[in-house]
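Bear in mind that the values in this text are calculations on the coordinates, not laboratory data. Fair warning: this is a prediction, and the values are worked out from it, not measured in the lab. In this analysis, Cβ positions are derived from the backbone assuming ideal geometry, glycine residues included, and neighbour counts consider all displayed protein chains.
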Amino acid sequence: MNPNPDSLPPPAAHPGAVDAGSQALAEALRSSFAVVRFVMVILVAVFLGSGFFIVGPEEKGIKLRFGKPVGEGDRALLGPGLHWSFPYPIDEVIRVPITELQSLRSTVGWYAVTPEQELAGTEPDAPPGTPLNPAVDSYVLTADGNIAHSRATLHYRFDDPLRCVFGFTGGTNGDFTLAGVSNAVLNTLNNALLQAAAQFTVDQMLTRDVVGFQEAVRRHFVQLAQARNLGITVEQCEVQSRPPRQLKQAFDDVINAGLRRSKVLNDAISTANQVTNRASSEAAARVNGALAARTRYVETVGAEAKRFEDLQTQFARNPDLYIQQRLVETMSRVLTNVQEKIHLPERADGRPRELRLLLNREPVTPKTQPASP
Amino acid sequence: MKRNSLTVAIGALLILIFALLLFVFQVRQSEVAVVTTFGDPKRNIDAPGPYLKWPWPIQRVYKFDQRIQTFEDKFTEGLTADNNNLLTMVYVGWRIVDAKTFFPKFAGGSVPAAERMLEGLLSNAKGAVVGRYDLSAFVNADPEQLKFDEIEREIQAMVEAQLRTNDCGIKIEFLGIKKLGLPESVTQTVFERMTSERQVLVSRLQNEGEAQAEKIRATANRQAAEMLAAAEAEATRIRGQGEARAAELLPVFEKNAALANFELRLQAIEQSLKERSTLIFDERTPPFDLFQGYLTNRNSK
């Protein structure tokens, strides 16, 4: 396969001394050499040309030189396009499907739900009194030994793609995918969810400290991910929790009781406001009344005093006449107002008359008087 | 001669490539390998790079994926130290570190065989560790008493110890509890307890609300009473002021007490006889005293 060109007789070395036979042989050899040379050039060209490769969209290429990736971190990743490497066995190219942002949802802690129910947002029926079958419905145990459903959705990106690709395997066939690291992330997420739930009571998880619980899941996950060097960064971690469906009524009752409580409180507050408002207006009215009364009283007394001073001068002129005059004047005014006036003339003998009165304030309906004869 | 030397160079290159393909093999970053000579595992390779070997059938290379693979055991029931039934599921991240040990141990380096062995080790370790802890070590609001991490570490340590004694060429990278559960019949009891807890909460909310509302109303009533009392006091003070000011005018009346007295009495008469009154009088009452002297009874007098 490997002819040595040096051992060949130099062609046309002795012109004139060549016979026709050897010339024909040389001719044949030369043409076959040309073919061999051509084939060799093609082989080398094919060998070098086989180094070209294309990286498709939504995947990255990694060049391995003698088994080790060329470049560090993100620079080891070749983007979509045409690239060249030395052919095997020097270089080797592996392609990894990588998308920017990854999402995962924990697989423990939630009741069994079909994709249709998930889309419709409904939940499978579970009448009160049915136990939870651990083979079907999953749940988490809370710090107070209760049962709750909870699931975490994690959004993350690959921070160290080389670690992700060369650190974890997805199957037994030695593929280069991110399925392996995703599996490790998923298990770690489940683990973190359990750990966090083990520290929170069912009330904290569901109502009182929802955000705290979410933070705890995230914290546990980040801790574990770092310890295990998963090579990812967490973008977001959402946690959803529910009471067991069997106890929906009981949990709703608590919520309703809370609502009723705030209603009772609001009613009390509005009543209180009414009472204090009424009292304050009443108080203002009393003070104002007193002010008015004071003014009126002082004015009246002042006017009286003034009038008295005027009267005094009249009185001083002739007291008797004044008294008589005033008395009569007053009596006449009074008598016009008096409803019944009874004049009791003095008896001739000067003894007082006896008078009998039927005291009845209510006016007696006058009876039709019989015609007096 | 020039063209010939080029041919030689190309030929040499082709030989070189052929030899490379025959005598050299690569181990990737993701792999460990073992080289067997006539079937006997001799060389262990645990770093990536190019390596030399004799061509088949003298030497053969077996490569293994050395990356971490995750394996989880079954969801099994075990008794805790305080006799609670607890279902646990553990996952483990393991990898092959020593191909030379791993290869002969599991019929040609079969990963499923290794997983079967791991499963056995895991369930032993899990059972032993779970039995040493109370249920309250698995779930507890008090971080001091919660031993979740410790339990995981202990299971891992136990599995690692067993792997070391067995010498399998496997390393455990991480281990954790993936799922916890209670037996189906126990969930019913838990639900009953939770229901009664809810009822306690409901009644507490009710009573608390009513008590608080009562307090709010009582406070308001007290405030109202205070306001009114203060206003009353103020009103009295104001009226007192008025009386004091009026009293300043009294000396005017004192100047002529007889007249003042007379005027007061007149006023009193006028006030008292204002409405619906009956007046009985004789001739001595002015102005009817006029009747006395001049009219009817003149003679009798």
Can you classify chain A as rounded, prolate or oblate using the Cα gyration tensor, where a ≥ b ≥ c are the square roots of its eigenvalues, rounded means a/c under 1.5, and otherwise it's prolate if a/b beats b/c and oblate if not? prolate
Tilt of helix B:111-130 relative to the longest C-alpha principal axis of chain B, in degrees (0 to 90, nearest 10)? 40
Please give the charge dipole size of chain B, origin at the Cα centre, charges +1 on K and R Cβ atoms and -1 on D and E Cβ atoms. Round to the nearest 20 debye. 1800
Peptide B:57-68 - average C-beta neighbours from other chains (10 Å radius): 3
Taking Cα atoms, the helix A:319-337 axis meets the longest principal axis of chain A at an angle in degrees (rounded to 10) of 60
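What net charge is computed for the residues neighbouring B:Asn256, neighbours being all others with C-beta under 15 Å from the C-beta of B:Asn256, Lys and Arg scored +1, Asp and Glu -1?
0
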Over segment B:2-64, one equal point on each Cα, no solvent: what is log10 I(q)/I(0) by the Debye formula at q = 0.11, 0.21, 0.23 Å⁻¹? -0.35, -0.80, -0.90
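What number does the protein assembly as shown give for Rg over Rh if you use C-alpha atoms and the Kirkwood radius?
Working: Rg = 57.7 Å, Rh = 37.7 Å.
My calculation of the ratio gives 1.53.
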Along chain B, longest interval not containing exposed GluC sites (Glu not before Pro), exposed being DSSP loop plus at most 11 other Cβ atoms within 10 Å: B:1-143
Taking the Cα centre of the protein assembly as shown as origin, work out the dipole magnitude from +1 charges on Lys and Arg Cβ and -1 charges on Asp and Glu Cβ, in debye rounded to 20. 900
Other chains' Cβ within 10 Å of A:29-41 residues: what's the mean? 2
Tell me, what is the percent relative contact order of segment A:34-94, built from C-alpha pairs under 8 Å that lie six or more residues apart? 38
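Determine the shielding of peptide A:247-253 by partner chains: average, over its residues, the number of Cβ atoms on other chains within 10 angstrom of each Cβ.
On the way: counts 7, 0, 2, 9, 4, 1, 6.
If you average over the peptide's residues, the count of other-chain Cβ atoms is 4.
Relative contact order of chain A, please, whole-number percent, based on alpha carbon pairs below 8 angstrom and at least 6 residues apart.
Working: 363 pairs, mean separation 42.6, N = 373.
Averaging sequence separation for qualifying contacts and normalising by length gives 11 percent for chain A.
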Can you give me the angle between helix A:179-197 and the longest principal axis of chain A, using Cα atoms only, in degrees from 0 to 90, rounded to the nearest 10? 30
If one computes the Cα centroid of segment A:119-196 and of segment A:200-231, what distance in Å separates the two points? 13
Compute the Cα gyration tensor for segment A:83-126, then decide on rounded, prolate or oblate, letting a ≥ b ≥ c be the square roots of its eigenvalues: rounded whenever a/c is under 1.5, prolate when a/b is larger than b/c in the other cases, and oblate in all that remain. prolate
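Please give the net charge around A:Ala152, taking every other residue with its beta carbon less than 11 angstrom from that of A:Ala152, where Lys and Arg add +1 and Asp and Glu add -1.
+2
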Equivalent-ellipsoid semi-axes (√(5λ), Cα gyration tensor) for segment A:34-94, whole Å, largest first? 28, 13, 6
Contact order normalised by residue count of chain B, Cα under 8 Å, 6+ apart, percent: 13
In a Gaussian network model over chain A where Cα atoms closer than 10 Å are linked, find which of A:Ala216, A:Ala26, A:Ala143 has the largest mean-square fluctuation. A:Ala26
Please order A:Thr207, A:Thr201 by the number of other Cβ within 10 Å, starting at the fewest. A:Thr207, A:Thr201
Obtain the nm distance between the two label points defined at B:Arg132 and A:Arg353 by a simple spin-label model: each point lies 7 Å from its Cα along the Cα-to-C-beta direction. 12.8
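Could you give the length gained by full extension between B:Trp54 and B:Arg237, i.e. 0.36 nm per residue of separation minus their alpha carbon distance, to one decimal place?
Values: separation 183, 0.36 × 183 = 65.88 nm, distance 12.14 nm.
Residue separation times 0.36 nm, minus the Cα-Cα distance, leaves 53.7 nm.
Summarise the long-distance tail of P(r) for chain B by giving the % of C-alpha pairs beyond 35 Å.
Tail of P(r) above 35 Å: 66 percent of Cα pairs.
Quick check: net charge around A:Phe315, other residues with Cβ under 13 Å of its Cβ, Lys/Arg +1 and Asp/Glu -1? Numbers along the way, then the final one.
On the way: positive: A:Arg307, A:Arg317, A:Arg326, B:Lys255; negative: A:Glu309, A:Asp310, A:Asp320, B:Glu263.
So the environment of A:Phe315 carries a net charge of 0.
Packing-wise, with mean Cβ within 10 Å as the measure, how do B:130-137, A:336-343 rank, highest first? Don't jump to the answer; show the numbers that get you there.
Details: B:130-137: 17.4, A:336-343: 11.9.
My ranking of the peptides, most packed first, is B:130-137, A:336-343.
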Students often get this wrong, so check it: of B:Lys100/B:Lys171; A:Lys68/B:Lys63; A:Lys341/B:Lys274; A:Lys306/B:Lys274; B:Lys147/B:Lys178; B:Lys100/B:Lys178, which have C-alpha atoms separated by over 23 Å? A:Lys306/B:Lys274; B:Lys100/B:Lys178
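How would you rank A:312-322, A:284-294, A:224-234, highest first, on the average number of other Cβ atoms within 10 Å across their residues?
Working: A:312-322: 12.4, A:284-294: 15.7, A:224-234: 18.2.
In descending order of packing, they fall as A:224-234, A:284-294, A:312-322.
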